Structure formats: C-alpha cells, structure tokens
Amino acid sequence: MISENQFTVLHACKKAPGLSLEELSARTGLAPDTALATVEKLAADGLLTVNDYCLTAEGDAALAPFKVDNAVIMAAGLGSRFVPLSLEKPKGLYSVRGEVLVERQIRQLQEAGVRDITLVVGYMKEQFFYLQEKFGVKLVVNPDYFRFNNTSTLMLVKDRLANTYICCSDNYFTINPFESHVYRAYYAARYAEGKTDEYCLDLDADGRIRKVSVGGSNCWFMAAQVFFSREFSEKFVPILEREYALEPTKHELWEDVYARHTDTLSMYIRKYDAGILQEFDSLDDLRLFDPYYINNCDSAILKNICNYFSCKQEDISDIRPLKKGLTNVSLRFTLNNQKYIYRHPGVGTEEYISRQNEYRSMQTAEKLGLDKTFLYMDVQEGWKLSRYIENSRIMDYHNEDDVKKALRLVRKLHDARVPADYEFNMWKMCLGYIDKIQKRGRADFADFTQLFERMREVYNFAESDECPKVLCHCDTYAPNFLVHDDEIELIDWEYSGSDDPCADLGTFICCSDYSYDEAMRVIALYYGHTPTTQELRHAIAYVAIAAYQWFLWAIYQESMGKSVDDYLLIWYQSAKLYAEKALEMYR
C-alpha cells in the first residue's frame, strides 16, 4: 500500500498532469524537499514519469483502491431546530445565496467525480422526488424518520457503504470539499472557541480520533461531511447491525455507535476553517450568512406573526422549537423584548378538530380565568398565538399542591355549567377512530372486538347515570397545565366540547402513571369529599372510556406516521383495568 505522501502526490498529478515541482508542492502542501523525495520514490517504483509527473498505468492501479465509490446524503429528518421554516419545507431544500442546499451539494459531489449518489428521504419526502430526474440521484425512503434517529438511515443503505461520503442535505460548503480519491476514513471538523455542546474529538499525535464526547471547550468538533473508507465500512456495518437490534440504538446517531468503538474503527480528523463549513442551526444563523433571510423568509408562519403584530420579519428573533406535542408543533419567539408562543396545527388534525369550537372554548376559558395566555387564533387555518409565561413548568402528577390546583380549575369549569352546542362525546370519538383505523388496516389485533364490547358495556352503564353534559376541556393531561408562581393555567382547548364532566377526570388519570389506589385519591380530591358508590363507579367508568378513546386516537396517529411514545401501551392497559373495575361495581 502506498504511503499518505505518495497518495497525495499521485492524486495531485492525476488531477493536473504536468505540474512543476513548485506547483506540486503548493498543491499538496508538502515541503519541496518532501515532494521531491516522494516523486523520486514513485518514479523509481514505476508509478510516475520522471520528466512530466504523469501517472503510469501502475500509478493508476496504485491509486484505484482509494477511488470514492459513492455518496449518501441524509435528508430524512424533521429539522426541528429550524422552525418555523422546517414546518413548511425540509431544511435541505432552503435556498441559500441563490442555491438550494442539497442541489449545491449534489453538484459539488458530481464535480468531484462522484456520480453514484443516494438521497435518503423521509419528512416531506415528495418534495425531494424531482432530484431523481434533475440530477440522476437514487432515492431511498426512510419510513422510520419520525421515530428513529439517523442510525435507521444508515441501516437502509448499509449494503452501499464502501468508499463512501456520508453527507447531510443541509450543509453549505463555500468551497468544494469533495474529492475523487480519499486516502483514509475521516470526519470533517471545526474548532470551537470556548464551550460547545457538539460532539468533541480527542486525537492522537497523528490525528486519529481516540475518543468522542458530547460537549467540551476549546476543542475540535464533528461538523459536515464524513468519509467511510472501504476498510472502515467493512468493520462498521456488522457493528451497526448488531447494535441496531437493541432498541436504544434506534434512537441514537450513528456517531454514537462509532464513538463506542473508536478503538477498532479507525477514523481521522480533517480540519476546516469555520468559513468553509456552514451549518445552520436556527433562522438567526441563516440570517447571519444570507442577508436575504433577514426580512424575506418564504414562511407563512412568519407572515402570520407579522400580520398580527404589524411588524417586520427582521423584528422576530430567538425562534426556538418547543417540545413537540402529541397533536401540534409549537415554537417560541421574541418580539420587542416580549416572548410569545406560536402553535402550528398538526397535519391531518382538521379531520377530528374543529378550530371554530376551539376558539369559542378559549374565549370561555379566558372569561372564567382558566387560561390567561390566549392572544389570537385563526379559526380557518388553526394557528394560534399565546403569551409565553416565564419560569413556568408542567404540572407534576405527584406534587399534591399541583394536583389540587389543577383539579380546582377543572371543577371551576364544570361547576360553571357552560352550555355548549358543540360536543366532544368520547364514545362518538371512539366510534369515529375505530372507523378510521379499520380503513387503515390497524384494527386487526387479537382482542379488538372483545375490548370494544367491554367498553360499550361500560359506556352504556355510565350513560344510565344520566349526568348532565357541560363544556369540558377533554384533554386534561399534565402538559396542558402550566404552573407558575402561585398560579396555574389550563391551556390547549382544541378537543373541548360538551361532554360528561368525568371525561376530564378520566383523561387526567389515564394519562398519568397513577396506581389504582392513587387514582382513587385523585377522584376524591376532584369531588372534594369521599365519593358515593354512584360517583366512584361513574368516575372509574370514565377513566376506562377516556383511556380507550386515547388508545384508539394513538393507533390512528401512528397509522399516519406519528409517534405517541409510550402512551399507546399506557392507555391500552388503563382501558382494560378500569373497565374491569367499573363493571364489577355496576354489575
């Protein structure tokens, strides 16, 4: 195998035959004496001609093992750090300084001689399809993009990994970093002045990566493209296959897998100046690099905010995604030194949520003093603006003071006996979701019919109690209770409507991790006294009904490609447990 200096000289001479020694030294970065000694050795071995520094057939053969086979561009992710733009378009398709990010990267790869390019897509995948015809790239769809990390992407293309570039669709390179031949596996890196939360590198004297750690200070960190040599790929793929069988690995970056095996997976650093590798983590980052985005973002979300506040896009700053809810996506932003929340409706929510009814409920909540965060809502499109509450936190199911405050809010709503001509009706929602999941082929599990019959019996018993229907929130789980100072707000009224008051109590309990005994205590706190047999059985019945309704809702969400984490199992188990308890009491 040729040495690195020999490779460097051969590669330079292949790209530009007939270089002078001075030109060769300048192109390779080798000192003139080193360049001369390397050329003489290559000539002596018959790999390079002496007079004009051209590769011989043997020189071409010596360089061949280092030829780049292909490239994989990862473009499946949600790009959640780049809201609001990523809610409307995948990050790799943003136009930066007049070029679409992923198109620029494809062109740079092709200019370097890399023609075999695979693009792995997932989120808004259809927006990438045109690239197949325009550039001749191959497309692979990652169906797990929404629930797993980029280890799932590499698993899909593991058979293509050889001498392979691994790229991200949203990087911008001011100069072309790609080459037709690469000597060894490397990870591109930039230097962090001060603290960083990036993946930081510990190196040996030769630049080999010895250790990877998350976070560091004044250090080199992973950034942009990676090159897998054939040797690296042959060792990495079996490790990835073995570890991907473990559930935690599916939620990791492939770099996490590599970091556990740096002793056997040989990879080196390739250092770049900050100006060469551009990585945009937020709209503010993009605005610094491309002034067009200061006041010209093609974003309906930013336009909505500007129209409401009569401001310019450049006045909106510090845009940050909030933890994604089970239905919608929200972001926080700053305007005139005040912080606000923008709620973006989830895809498909129009099928089961009436934004007109949500708006009416929020007006009622504001009048009753249940929610002081509401500012504005567009009832046609479903987006909403709210005040941001500093130092607020989500209600804690095991903080008794939190629970008492939350239940008092719920009782205040129920005791107001607000009539509503729009209903939620959990049982009708159950029937609606059953119809939807049957059409999607997701109702075919062992005890589907048995569970349905049991829940119908529970509902019929509960209805025989003839409890009056009033305006209910119908989504009373912890994230919708915001605790701050000595106050608490009940937010997000999109599921609200006329229903049995115990629908709220049932939701409160079935979305928690309460034991049965803890749930009985919460029911007593809601009533404000030891419940009668009739009150208790009715409340327990609605824990079961609520759990069943949310269980069906969760199946429907997952049928549309959305993850509900552990809630699916929690609601299934709660529906069965509380249905059994309720039926014992009613029978």
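The values are calculated or read from the model by the stated rules, or taken from the named source; none is laboratory data. What you see is a predicted model; the values in this text were computed from it and never measured. Note that each Cβ is placed from the backbone with ideal geometry, even for glycine, and that neighbours are counted across all protein chains shown. Side chains are part of the model used for accessible areas, which takes the heavy atoms of the whole protein and leaves out ligands, DNA and RNA. Shrake-Rupley method; radii C 1.70, N 1.55, O 1.52, S 1.80 Å.
Would you confirm whether any residue within region 40-52 is in a helix (DSSP H, G or I) and either acidic (Asp, Glu) or within 49 Å of the chain's Cα centre (by Cα) (or both)? Yes, region 40-52 has at least one match.
Take region 152-193 and flag every residue that is hydroxyl-bearing (Ser, Thr, Tyr), in a loop (DSSP other than H, G, I, E, B) and open to solvent by 20 Å² or more (accessible area, probe 1.4 Å). First the steps, then the outcome.
Here is the first cut: in region 152-193, the residues hydroxyl-bearing (Ser, Thr, Tyr) are 152-153, 164-165, 169, 172, 174, 180, 183, 186-187, 191.
Subsequent filtering for residues that are in a loop (DSSP other than H, G, I, E, B) retains 169, 174, 180, 183.
Listed by number, the residues that qualify are Thr174, Ser180, Tyr183.
Scanning region 210-229 for residues that are within 28 Å of the chain's Cα centre (by Cα) and buried (at least 17 other Cβ atoms within 10 Å of the Cβ) yields a total of 12. All of Glu241, Glu279 fail the test of being open to solvent by 20 Å² or more (accessible area, probe 1.4 Å), modelled with pLDDT of 95 or more and of a type outside the set (Ser, Thr, Tyr), apart from Glu241. Among the residues of region 524-539, those that are more than 11 Å from Thr507 (Cα to Cα) and part of a helix (DSSP H, G or I) comprise Ala524, Leu525, Tyr526, Tyr527, Thr533, Gln534, Glu535, Leu536, Arg537, His538. One residue stands out among those in region 404-430 that are under 33 Å from the mean Cα position of the chain (by Cα), among the aliphatic types (A, V, I, L, M) and modelled with pLDDT under 95: the one that is most open to solvent (accessible area, probe 1.4 Å), which is Met429.
Return yes when Tyr477 is touching a Cys at 6+ places or on another chain (Cβ under 9 Å) and without any contact (Cβ under 8 Å) to a residue 40 or more places away in the chain and no when it is not. Yes, satisfied.
In this entry, Glu133 is excluded by the filter for residues that are outside any strand (DSSP E or B), closer than 29 Å to Asp290 by Cα, touching a His at 6+ places or on another chain (Cβ under 9 Å) and open to solvent by 10 Å² or more (accessible area, probe 1.4 Å). Scan region 443-460 for residues that are open to solvent by less than 90 Å² (accessible area, probe 1.4 Å) and more than 28 Å from Arg587 (Cα to Cα) and the total you get is 1. Within region 4-25, the presence of at least one residue that is in contact (Cβ under 8 Å) with a residue 12 or more places away in the chain, buried (at least 20 other Cβ atoms within 10 Å of the Cβ), in contact with a helix residue (DSSP H, G or I) (Cβ under 6 Å, 6 or more places away or on another chain) and within 30 Å of Leu101 (Cα to Cα) is confirmed. Asn150 meets the conditions (1) in contact (Cβ under 8 Å) with a residue 60 or more places away in the chain; (2) touching a Lys or Arg at 6+ places or on another chain (Cβ under 9 Å); (3) farther than 30 Å from Cys13 by Cβ in every case but one. The failed one is (2). For region 29-48, which positions are surrounded by 13 or more Cβ atoms within 10 Å (Cβ to Cβ) and either modelled with pLDDT under 90 or not hydroxyl-bearing (Ser, Thr, Tyr) (or both)? Across region 29-48, the qualifying residues are Leu30, Ala35, Leu36, Ala37, Val39, Lys41, Leu42, Ala43, Asp45, Leu47, Leu48. Residue under question is Phe232, and the condition is that it be buried (at least 20 other Cβ atoms within 10 Å of the Cβ), over 25 Å from the mean Cα position of the chain (by Cα) and under 28 Å from Met155 (Cα atoms); does it hold? In short, yes. Counting only residues that are surrounded by 24 or more Cβ atoms within 10 Å (Cβ to Cβ) and either modelled with pLDDT under 95 or basic (Lys, Arg) (or both), region 534-548 holds 0 of them. Return yes or no: is Gly122 of a type outside the set (S, T, N, Q) and modelled with pLDDT of 95 or more? So Gly122 fails the test.
Against the conditions (1) basic (Lys, Arg); (2) in contact with a Pro (Cβ under 9 Å, 6 or more places away or on another chain); (3) exposed (fewer than 14 other Cβ atoms within 10 Å of the Cβ), Arg440 satisfies every one except (2). Within region 106-117, none of the residues are within 30 Å of Pro17 (Cβ to Cβ), open to solvent by 20 Å² or more (accessible area, probe 1.4 Å), assigned to a helix (DSSP H, G or I) and aliphatic (A, V, I, L, M).
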